[in-house]
Amino acid sequence: MRSWPPARLQGLALIAALFVVSAQASDVLLASRDGSHHHHSHGAPLTVLNETEVTMYHAPTPESYYTIDFDGAGEGTRYPGWMVAHIIFMSLAFFVALPIGIAMRSVKHAARGFAVFAFWALCALGCVSSSLYKKLTPNMYEGSVHTLQGYLTLLVAFSLSAIDVLAVLRRIFSFFRSRKLFTVKAFWQTAILGRKNDHDQYSVEYSGLVGEAEDFEESKISLSSPDRQSGDLDPIEEYTGDTAQWASNVHHHRHHYRKHSTASERTLFGNTSPSRSLDQIQQVKGNVNSAVGLLQRAGKGCFVVVERFLVFAGLWQTLLGIVIYTGGCRGNYVNGCLAHLIKGGIFWSYGLVTFARFLGSFADLGWAWNQAPHSKSYVSAEFTESFVIFIYGATNMWMERFGANTGDPFTTKQIQHIGIAVMFCFAGLIGMGIESKLIRKWLSSLAFTASRTERGPPESVEEPHSYTASFNPFPALVIGVTGAAMAAHAQTYLFQVQIHTLWGNLLVSFSVLRCFTYFFLWLRPPKSVLPSRPPTEALGSFFLACGGLVFMFSTEEVTIAAMRRGRD
């Protein structure tokens with residue numbers, strides 16, 4: 001066996017030492033950049049907090065408003081009562097009074113003004129208590145934008161209230177200008193509440209649902225019985241049909257008379273007849289009214305979207321206030337903190353919207369597990385979910401590298417997260433494709449053409465009952481796979497593993513329950529325009545919202561703080 005010269009052995013040892021040092025240095029740099037401890041990622045999770053290792057990558061947690069108020073760090077400057085009052089008042093305003101006001105607006109309830117007044121009264125009390133707390137307490141979080149964003153949110157809410165007040169003033173002016181007989185009831189119904197008739201006392205989302213359901217059933221009967229004999233019609237239908245025929249004959253006769261009349265209307269008015277001029281005027285008026293109606297519908301849609309957005313803005317302000325009050329999300333914790341708060345907030349909001357659909361919200365669009373009451377074509381709820389999932393994945397594919405330096409290698413955690421983002425992106429695309437009616441027609445054209453070639457019975461090309469609802473599993477599949485992946489996500493400490501397993505399993509539970517919803521609706525698709533309220537959606541929304549809540553507060557900083565206080 002050949003022996004190596006001592007000089008060569010020393011060179012090899014030096015090279016090996018350089019490899020080890022460079023690997024350790026890159027490990028330290030990546031750990032400090034990603035805000036986690038990488039050299040324990042492949043071993044068993046730790047059960048005891050290693051303070052020395054934590055301080056190697058993160059600066060000590062500074063004092064905060066919480067430590068001043070409850071840990072005795074601020075003797076003589078402790079005023080937690082004002083902060084508690086601020087939290088209570090603003091929570092009642094944005095999560096109680098505001099949703100109640102939105103619900104009352106949808107039904108044009110007489111007491112919606114009291115809900116709006118309660119919202120602003122609670123906001124005023126919350127702002128006063130917050131201002132007093134800030135005056136009496138030193139600034140413990142430099143660069144805080146909680147106050148600025150809060151006032152911007154209130155400015156948006158004030159703009160919506162101003163639009164409401166202007167609309168009421170316009171209706172009052174129109175009421176007195178119409179010179180109608182003044183009665184208190186008519187003034188209250190028309191000018192204040194904005195109801196055109198008594199039928200408007202019902203919800204905008206539910207108005208006419210019962211009547212339209214009857215019309216829908218009657219139309220199904222009429223369509224399913226094309227070979228009815230005229231003798232089977234009742235006297236009312238005979239009278240209606242005779243009237244329609246008479247009106248058609250009169251129109252035809254007038255057209256025939258104008259075409260062949262010897263007393264030509266061009267004698268006095270040239271080539272343009274008075275009736276044609278009137279028709280043109282009416283057509284112009286119709287176009288103008290159509291454009292105005294389109295603008296009004298667009299304005300109402302924007303108003304509704306912004307009003308509901310205020311609830312989620314309140315949620316964001318709550319999360320931001322918690323971060324500032326506890327002094328978190330600083331230094332190397334920022335990226336992980338933002339990722340958990342934003343993504344967990346999305347799942348929490350998704351759970352709230354799912355529960356709202358279960359209660360009957362968006363029933364006018366057919367999103368409440370019902371049939372859409374209108375003949376207009378709306379996008380399905382599954383298409384909207386798939387679109388949001390696609391946007392989520394398309395943005396997270398490149399946002400995962402935030403904080404990385406140019407030339408830095410991809411970490412294992414980054415590859416995992418980018419893989420999940422790619423799954424979101426393509427699953428969202430597939431989900432939108434499934435919901436596309438054009439793609440469905442393309443895929444069905446081959447079978448339809450073959451049926452016509454074979455001259456099969458007409459029933460063979462009728463749409464099956466399952467076409468009346470959407471059975472798109474991809475949004476639920478994406479959420480379930482994400483939960484399963486996060487439940488198996490490698491973490492440094494056992495407590496972190498348990499927390500991630502908890503909210504991962506909650507997301508998987510939502511996915512399973514959504515699949516059960518589709519299974520039962522596939523067996524019996526909804527035929528009514530009223531919300532069907534499947535109980536699996538109530539449970540699924542609960543699991544999804546809880547999963548998002550745990551996701552938000554499973555950041556490394558929160559788990560380390562819990563372990564320091566023995567709460568693990």
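The values are calculated or read from the model by the stated rules, or taken from the named source; none is laboratory data. All of these numbers come straight from a predicted model, not from anything done at the bench. For neighbour counting, all protein chains shown are included, and Cβ atoms are generated from backbone atoms with ideal geometry for every residue, glycine included. Heavy atoms of the whole protein, side chains included, go into the accessibility calculation; ligands, DNA and RNA do not. Shrake-Rupley method; radii C 1.70, N 1.55, O 1.52, S 1.80 Å.
At 1.4 Å probe size, with the rest of the protein present, what percent of the exposed accessible area of the range 496-568 is carbon and sulfur atoms? On the range 496-568, the fraction of accessible area on carbon and sulfur atoms equals 69 percent. The trypsin sites (Lys or Arg not before Pro) found in the range 324-383 that occupy coil by DSSP, while having at most 15 further C-beta atoms within 10 Å, are Lys376.
Counting every pair of alpha carbons in the range 65-188, the share spaced more than 17 Å apart comes to 67 percent. Each peptide in 558-567, 320-329 receives the mean, over its residues, of other Cβ atoms within 10 Å, and ordering these scores from highest gives 320-329, 558-567. Of Lys343/Lys413; Lys108/Lys343; Lys108/Lys180, which ones are farther than 26 Å apart at the Cα? Those over the limit are Lys108/Lys343. Pull out a ≥ b ≥ c, the square roots of the eigenvalues of the alpha-carbon gyration tensor of the range 463-557, then state rounded if a/c is under 1.5, prolate if not and a/b is larger than b/c, and oblate in the remaining case. The shape class here is prolate. Rounded to whole numbers, the Karplus 3J(HN,Hα) couplings from phi for the range 513-522 are 5, 5, 5, 5, 4, 5, 4, 5, 6, 5 Hz, using 6.51 cos²θ - 1.76 cosθ + 1.60 with θ = phi - 60°, and x at Gly and Pro. Relative to the current alpha-carbon distance between Leu181 and Leu338, full extension at 0.36 nm per residue lengthens the span by 50.5 nm.
Note the full-extension length gain between Ser131 and Ala538 as 0.36 nm times their separation in residues minus their Cα-Cα distance, in nm to one decimal.
142.6 nm
What nm value, rounded to one decimal, do you get for the distance between Ser436 and Asn139 when each label is placed 7 Å out toward the C-beta? The two pseudo-label positions are separated by 5.3 nm. Sorting the segments 156-165, 119-128 by their mean number of nearby beta carbons within 10 angstrom, highest to lowest, gives 119-128, 156-165. A cut-off of 5 Å between modelled amide H atoms, ignoring neighbours fewer than 5 places along the same chain, links Tyr493 with Leu46. Computed FRET efficiency, Cβ-Cβ of Leu148 and Lys527, R0 56 Å: what is it to the nearest 0.05? My answer for the efficiency is 0.65. The label-point distance for Ser159 and Val96, in a model that sets each label 7 Å from Cα toward Cβ, rounds to 2.9 nm.
With protein chains left intact and a 1.4 Å probe, residues in the range 405-543 average 58 Å² of accessible area per residue. For Arg564 and Leu166, a Förster radius of 56 Å and the Cβ-Cβ distance give a FRET efficiency of 0.55, rounded to the nearest 0.05. Going by a ≥ b ≥ c, the root eigenvalues of the Cα gyration tensor, does the range 374-533 fall in the rounded group (a/c under 1.5), the prolate group (a/b larger than b/c) or the oblate group? Taking the square roots of the gyration eigenvalues as a ≥ b ≥ c, the range 374-533 is prolate. Summary of the geometry: the range 328-380 and the range 468-533, compared by the centres of their Cα atoms, lie 14 Å apart. Oblate is the label for the range 43-123. Its Cα gyration tensor axes, ordered a ≥ b ≥ c, give a/c of at least 1.5 and b/c at or above a/b. The ellipsoid that matches the Cα gyration tensor of the range 377-456 has semi-axes, each √(5λ) in whole angstrom, of 41, 14, 8, with the longest given first. An ellipsoid equivalent to the range 285-436, defined through the eigenvalues of its Cα gyration tensor, has semi-axes of 36, 21, 16 Å when rounded to whole angstrom and sorted largest first.
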